[in-house]
Amino acid sequence: MTRYDVIVIGAGPIGSYTAFQLANEGFDVALLEKQPEVGRGVICSGVIGKTAYKKYSLPRAAILTEFDSFDFVSPHNQRLAYIHPETLAYVVDRRIFDRALLGQARDKGVNIYFNQEARRLESGHREVMVKTRDHLFQAAFVILATGVNYRLHKMAGLDQPSGFFFGSQVEIPFSTHSRSVEIHLGRAIAPGSFGWVIPVSNRVSRIGVIVDQKGREWLKRMLEQRVYPRMTRPRIDRFSVKPIAYGPLKKSVKGRVMAVGEAAGQVKTTTGGAISFGLLCSEILVDKLSRRLRNGGSLDEYDLEWHSTLMPEIHIGVEVRQVAANLSDERLEGFFSFIKKNRYWVDALVSRVNFDRHSDLLYYCMESLKFLMKMRK
């Protein structure tokens, strides 16, 4: 048996960053990963906001490209361009990104165990036991950074997110404007949601959709209608699909076990992005847990703080998706036409743009849409 102050289960970006912070605070930390390596086969758009990149000192070596604009495409191919005065976000190579964060944890003294899938979790009054196939670990506290794998949550007495949606993506040779991301809307593409074309380089793009179900089939439609008419059809052997948490855990702390990142449902309900929210909540967790390890006290403050910080963002995303689910393509076309004719509305919109926090922008859009719908009745 090996004993630590804290065991982090899951060596993705949030798990590695959490382990790094705890080790930096002087605690003895183990990081368990069921795979033989990290960053391989990750299904992710790889888009991370510039502000988050700077705030958390994320690895610059992982950046493939950057963008400063969006090109929104309506159901009937009207286009609206938004150009930001500076870089909005970066597109990263997740293999380099994940390995760099893991290396940061290792350099701080975190003990990293590959090929160690946590199979059992037994939480006692003073300690938590974690059993893998060939090892037994013991710690004062355990952190679940297991992404959308919630098998251990049940053992710990934690619940799961209230729902899921599905992201599907391919990376293909497709040349587009290297500093602009295309957002495709319409019920024939992604009903109630959106598809994307994200440039990785001048010659390669990531094409994807995020939908309620059957992500692979909707991605095929996106390719057929919006991409293949602009290129020579490539051969695609596999369409990657990933479930994405939709809604937070009601409680992400149970005794000596905590969840963070997507394991806690700390995900943007607008785009499905999880890295910036996860990093923010990781810092909150480490602050509360460090105090508990040194001075005792309750970990309930972790739940309280991250919920109060992110719930406005999560709720507005849910509301927008509910409206979008019932929005006809005709209504959406009318909205595009209105914006093209009334550029003052765009000027009012620009001041509300925040890549990681969408609530102010989306609330303004929602109210404007409601007003337009009333005017057209």
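Computed from the coordinates by the stated procedures, all read-outs in this text should not be read as laboratory data. In this text, all values refer to a predicted model and were calculated from it rather than measured experimentally. Virtual Cβ from ideal backbone geometry, glycine too; neighbours counted across all protein chains shown.
Numbers at a glance
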quantity	calculated
Sequence-separation-based contact order of the chain, relative, with Cα cut under 8 Å and 6+ spacing, percent	18
Extension gain (nm, one decimal) between Ile83 and Asp107, 0.36 nm per residue minus Cα-Cα	4.7 nm
Candidates His76, His125, His315: whichever shows maximal mean-square fluctuation once the chain is modelled as a Gaussian network with Cα springs under 10 Å	His125
Proximal lysines relative to Lys340, as straight alpha-carbon distance under 22 Å, when same-chain residues fewer than 8 apart are discounted	Lys370, Lys374, Lys377
Highest-MSF residue in the chain out of Ser123, Ser282, Ser328 [GNM, Cα springs under 10 Å]	Ser328
Qualifying aspartates and glutamates (Cα of each under 16 Å from Cα of Lys50; at least 8 residues distant if same chain)	Glu66, Asp68, Glu86, Asp93, Asp356
Fully extended contour minus Cα-Cα distance, from Asn354 to His135, at 0.36 nm per residue	74.3 nm
Amide H contacts under 5 Å for Asn115, placed H, 5+ residues apart	Glu33, Gln35
Euclidean distance of C-alpha centroids, region 30-92 and region 294-316, integer Å	26
Residue of Gly261, Gly278, Gly297 that the Gaussian network model of the chain assigns the largest fluctuation, springs spanning Cα pairs under 10 Å	Gly297
Residues of type aspartates and glutamates that Lys242 reaches as a straight line, Cα spacing below 12 Å, ignoring anything fewer than 8 places off in the same chain	Asp212
Sites Glu66 and Ser337 - FRET efficiency at Förster radius 22 Å, r taken between beta-carbons, to 0.05	0.10
Extension reserve of the Arg119-His177 stretch, reckoned as 0.36 nm per residue once the Cα distance is removed	16.3 nm
Spin-label pair Ser201/Lys254, simplified geometry with 7 Å Cα→Cβ offset, distance in nm	4.6
Approximate spin-label separation Glu301-Glu37, in nm, with each point projected 7 Å along Cα-to-Cβ	4.1
Label-point separation, Glu217 to Gln322 (7 Å along Cα→Cβ), nm	2.7
Of all DSSP beta bridges in region 1-119, antiparallel share, percent nearest 5	65
Region 2-18 versus region 154-198: alpha-carbon centroid distance in Å	28
Cα-based helix-to-principal-axis angle, 300-325 vs the chain, degrees rounded to 10	30
Förster radius 51 Å - calculated FRET efficiency between Asp159 and Arg235 (Cβ-Cβ, nearest 0.05)	0.75
Rh (Kirkwood; distinct C-alpha pairs) - the chain, Å	21.8
